[in-house]
Structure formats: C-alpha cells, structure tokens
Amino acid sequence: SRGLGMSSRYMIPLAKHLAPHFEVYAPDLPGFGLSDKPRRALTVRELADALAAFMTAIGMKRAAFVGNSLGCEVLVELALVHPQLVDRLVLQGPTPDPEARNLFRQVIGFLAIAPFERWSLAWVAFSDYARAGIGRYIMTLRSMVDNRIGEKALRVEQPTLVVWGTRDYIVPHAFVVSLAGSLPRGGLAVIPGAAHGINYSHPEAFTAVLLPFLLAAGEMSSARSRNPAVSAS
C-alpha cells in the first residue's frame, strides 16, 4: 500500500523484484492513480475496506502486505478490521503519530530526503498528486493525522516487520523503534543510506530484507507455487 497521494507506479520497482518469488498485486485505491475518484476523500478505515473488497473481487483469501507511509496506516487498519485477510505485514516508513508529525515537519523532512531518492520519483509524485487533486490530498492527510497508528499497533496480532532507512528524515528513528517494540509480534529492520521511498529508490536492499520475513519457515513451498503472497499498492 503506497504513500499519501501516490499511485501503484510508486511500488512497481519493488514489485518487479518480488515477482520472481510471489504473485504480486499493486492496486490503486479509490481516489488515486487510475481508480475511480469518489466525490469525497475516503478515510483510513474506508481505504482498508476498499482493499478488502479488492481481495474479495479477485478471489484472494489471504496475503502478506507491504505498505509505505500512509499505506502503513491502511494496512494496520486492515489487520484489525479484516484480520482473516492478513498473513503478515511490512510497514516501511510508517508515519508518526500526530504529536510528532505536524505539516511543517513533514515539509522540512521531505526537502531533506530529496537528494537521497531517485530523481524520477519527483515526476511520479507530481503527476500522481495532480491526478488525485490537491483537495483529496489535503482531506486524506487530515484522516491520516487523526489516525493513531501507535495505539492501534498494540492490537495487531500478525507478524509485522517495520522497515526504516537511516536517511528518512520524515520518520524519526525513535518512533520506529517504539512502534516495532509495541507490536506483539513485531521486528525492526534498518536499511543504511535509504530515505523514505525505499520501495522506489532502494528496491534491491528492501527485497533482501523482505525475503527472509516473507519466506518464513513453513511458507517456502506456498511461495514457490506462486500463491498470492504480497499485495502492494
């Protein structure tokens, strides 16, 4: 599940690296990318429900999920509201709770990480934001700010891996350490030199961290048979 305002194109570099091992899906959630644009922006809960409906529509009963930024919040909500659908979670660059993420901090953090991302990401982000519309972006941001992922993480029962890049100045190191520690079955992986968009800018390093977690004991055979294992959007 992708970051705020972004489309599935943001996840394609990672999806290409995971495709030899899994059947990978990268849907555009309602309001973003090429999906329909509801009149109002959907809440985090409604985006999770939409992802669940997508799985039902294609006949997918259970999967592992990889999320970035806002996508992490959607996936935590999915794990709580539709736990039967979620085998495990990967939360990369999860956004901090409200007291740590005012808009000024987000803007400064975005400018600070820009030199460490792939420059083509700027075009993907610009075109995706233009397609979604600034109003939808702002309303979705409001829902994200009102959503407390730190509190909800305490109730996530599925195995969960938090992934953070050492140059991610949007997400504080202390927050990911706290979040990973609060997850009942959580762990933390740190990727040196990576910023916020690891799925786009550092897909090789991200995949190296993901595979041991996704191909956990007892699941190697199902992965090799290409059962739906990862849904990334």
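Bear in mind these aren't lab numbers, they're just calculated from the coordinates by the rules spelled out. Everything numeric here is computed off the predicted structure, so don't read it as measured data. All Cβ positions, glycine included, derive from the backbone under ideal geometry; neighbour counts span all protein chains shown.
Of note:
- Distance between region 41-99 and region 158-220 - C-alpha centres, whole angstrom: 16 Å
- Relative protection proxy for 15-21, 193-199, 204-210, 55-61, from highest mean packing down: 193-199, 204-210, 15-21, 55-61 (other beta-carbon atoms within 10 angstrom).
- With both labels modelled 7 Å from their Cα along Cα-to-Cβ, the Glu204 to Arg185 distance reads 3.3 nm.
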